[in-house]
Amino acid sequence: MSKFIEDSDMKIVGSKKLTKEDGFDVIQLVEETKAQRFNGNWAKAKALGANIVSAFSYKAAPDDLLQLIKEHNIEVTDELLLQMKILTVFSAEFCIDSFLPSSMLSTVAVGELYEVLENISPEFYEELSKSTAFSFYYLCLDKDGEEADRCIGEQFAGICGKKGDKAYVSLGAELHKINVKVFRKAIQTFRFV
C-alpha cells in the first residue's frame, strides 16, 4: 500500500463558486447594495449601529438601571453590571436583526455597532468577545413573547451564577423586555424605507 492516499475525489473547501441555485445571486446583491445606499438606508443603518452603542458603553451605571436592580432587591456588583451590559448588547443585536427591513442592513448596523464599541470601550468589547452569554440567549429565541423573555431571564440568572433565583430571572427578563421596547422605538425613528 502506498504511503500517499489517492485524493482525486476529495473536494477543496471554498473552491465551489456560489450560484443562484445555491441561494446566492451576485447581481441581486449588487443591486440591493446600490438601492440601499441611494435610498439612504445604508447611512441610516450605520448611524443606528453607532448610536445604539450609547445604551451600553457607559462607565458608571445609569440611575434607571440602578433603580431597576434595587426594585428586584439585588445587590449591585461589577459582575452583575457587566452581565446586564452584555444582555443589553444581545437585545440590541436581536432588535436590529428583527426590525430592520433587510438582512444586509442588519449586517451593516451590527458591524458598525461593534466597530464603534471596540473604539470607545475596548475593555468591554474584550469582555463581550470572551462571553458565551449570547449562545444561551439565542436558545430562547425559538419561543414567543413572554415565554422568550422568561427564558432569557432564566439564562441571565444562570450566567450570573444564580440559577433559578427568581429575582435574577425577573431582572433579566424585565431588562430584555425594556431593551426591546427602547431599541424598537429607536429603530422606528430612523424611518427605513
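Beyond 32 Å between alpha-carbons counts as too far, so tell me which of LYS34/LYS185; LYS130/LYS163; LYS46/LYS163; LYS46/LYS166; LYS70/LYS181 fall in that bin. Numbers along the way, then the final one.
Working: LYS34/LYS185 27 Å; LYS130/LYS163 21 Å; LYS46/LYS163 37 Å; LYS46/LYS166 38 Å; LYS70/LYS181 21 Å.
As for pairs spanning more than 32 Å Cα to Cα, those are LYS46/LYS163; LYS46/LYS166.
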**Complete:** Between the Cα axis of helix 41-52 and the main Cα principal axis of the chain, the angle (0 to 90°, nearest 10) is 40
**Prompt:** With each run of n ≥ 4 DSSP H residues scored as -39500 (n - 2.57), what mean residue ellipticity at 222 nm is computed for the chain after dividing by its residue count and rounding to the nearest 500 deg cm²/dmol?
**Reply:** -21500 deg cm²/dmol
**Request:** Could you tell me the distance between the Cα centroids of the stretch 76-141 and the stretch 50-65, to the nearest Å?
**Result:** 13
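If you count only protein heavy atoms with a 1.4 Å probe, what accessible area per residue comes out for the stretch 150-193, rounded to a whole Å²?
58
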**Asked** For the stretch 22-66, what is the accessible area per residue in Å², given a 1.4 Å probe and the full set of protein chains?
**Response** 62
**Request:** Could you check how much of the accessible area of the chain is carbon and sulfur, as a whole percent, using a 1.4 Å probe?
**Result:** 54
**Asked** Which loop-located chymotrypsin sites (Phe, Trp or Tyr not before Pro) does the stretch 99-150 contain, where loop means any DSSP state but H, G, I, E or B and the Cβ has at most 14 other Cβ atoms within 10 Å?
**Response** none
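The values are calculated or read from the model by the stated rules, or taken from the named source; none is laboratory data. This is a predicted model, so every value here is computed, not measured. With ideal geometry, Cβ positions are generated from the backbone for all residues, glycine too; neighbour counts draw on all protein chains shown. Note: areas computed on protein heavy atoms with side chains; ligands, DNA, RNA excluded. Shrake-Rupley method; radii C 1.70, N 1.55, O 1.52, S 1.80 Å.
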